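Right, one structure below, let's go through it.
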Amino acid sequence: MELESDYNSAQLLSFSAIRQVCERMSGEELERLRRMIEPYLDYRRQLDQFTRRHFAAFCRDACFQTGLSACCGFESIIIFFADQAINYLCSTAVEMDRILALLERTNRTNHCVFLGPEGCLWRVPPITCAMYVCAAAKEKVFGANPETAVGFDEFREAEKPFTRPTQPVLFDQLEKVFMAHGVATSSMWFHRSPGLIRLKRRHGLA
Ligand code: SF4
Ligand code: SF4
């Protein structure tokens, strides 16, 4: 097996570990996990509706029709372990096989390894991707309708109870669930990133 990069290798390790643990979990444990992520999925559905409504037309003209896909033109975007766990829980076995197979191959494209012919291969793309809007799109969309900028800021605020560990947050809790099953991978940023650990300590969470 030839791996493109440490990045692909790290992604593969985390997804494989998540799959192994979930396959060992009881139906009750899996159900508990699914209930844990439901509020976040609601948030993501609303965010998705918002971005489709306000940005789809601009993005289609600026990127997709020209084949640039600038948002997905990077290797090594930041992906949290919780992003991976959530995507695993929302994907079919076939969808996950496809992602794992991609990570086992060399990425010879000039874009993100997860970008397929019909778009992102993730059912629930990483939060970093979901919240990213380029400066040109912001200028055009927010300029035409300033209320959209307010709405976007509200979504940024609404993300914090899931990802900003100044309080117990889903992204930290999901890492804990898998750590209790013996998983320790490099994408567990809520337990590895000095910045996030400091923030947790300041709020009595570590
Ligand atoms: S946000 Fe910007 S870079 Fe991303 S798809 Fe839209 S126009 Fe392209
Ligand atoms: S993970 Fe998906 S949305 Fe994010 S950059 Fe890659 S293809 Fe694009």
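Throughout, read-outs are computed from the coordinates displayed, never taken from laboratory work. Quantities reported herein were computed from a predicted structural model and do not represent experimental measurements. Methodologically, a virtual Cβ is constructed for each residue, glycine included, from the backbone with ideal geometry; neighbour enumeration extends over all protein chains shown.
Results, tabulated for the structure shown:
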quantity	calculated
Proximal lysine pairs, the chain, alpha carbons under 22 Å, eight or more residues apart or interchain	4
Calculated from backbone phi, Karplus (6.51, -1.76, 1.60) coupling profile of segment 175-185 in Hz, x at Gly/Pro	4, 4, 4, 6, 5, 5, 9, x, 7, 8, 10
The chain: most fluctuating residue of Cys59, Cys90, Cys134 per GNM, C-alpha cutoff 10 Å	Cys134
Within segment 37-117, GluC sites (Glu not before Pro) in DSSP loop having at most 15 other beta-carbon neighbours inside 10 Å	Glu75
Relative contact order, percent, the chain [alpha-carbon distance under 8 Å, six or more residues apart]	30 percent
Alpha-carbon spread of segment 22-65, three principal axes, descending order, Å	47, 20, 8
Mean ellipticity per residue at 222 nm, deg cm²/dmol - from DSSP H runs of n ≥ 4 across the chain, formula -39500 (n - 2.57)	-19500 deg cm²/dmol
Gly116 long-range amide H proximity, modeled H, under 5 Å	Leu121
Hydrodynamic radius of the chain per Kirkwood, over alpha carbon pairs, in Å	18.3 Å
Cα-projected label distance for Arg98 with Arg24, points at 7 Å along beta-carbon direction, nm	2.9 nm
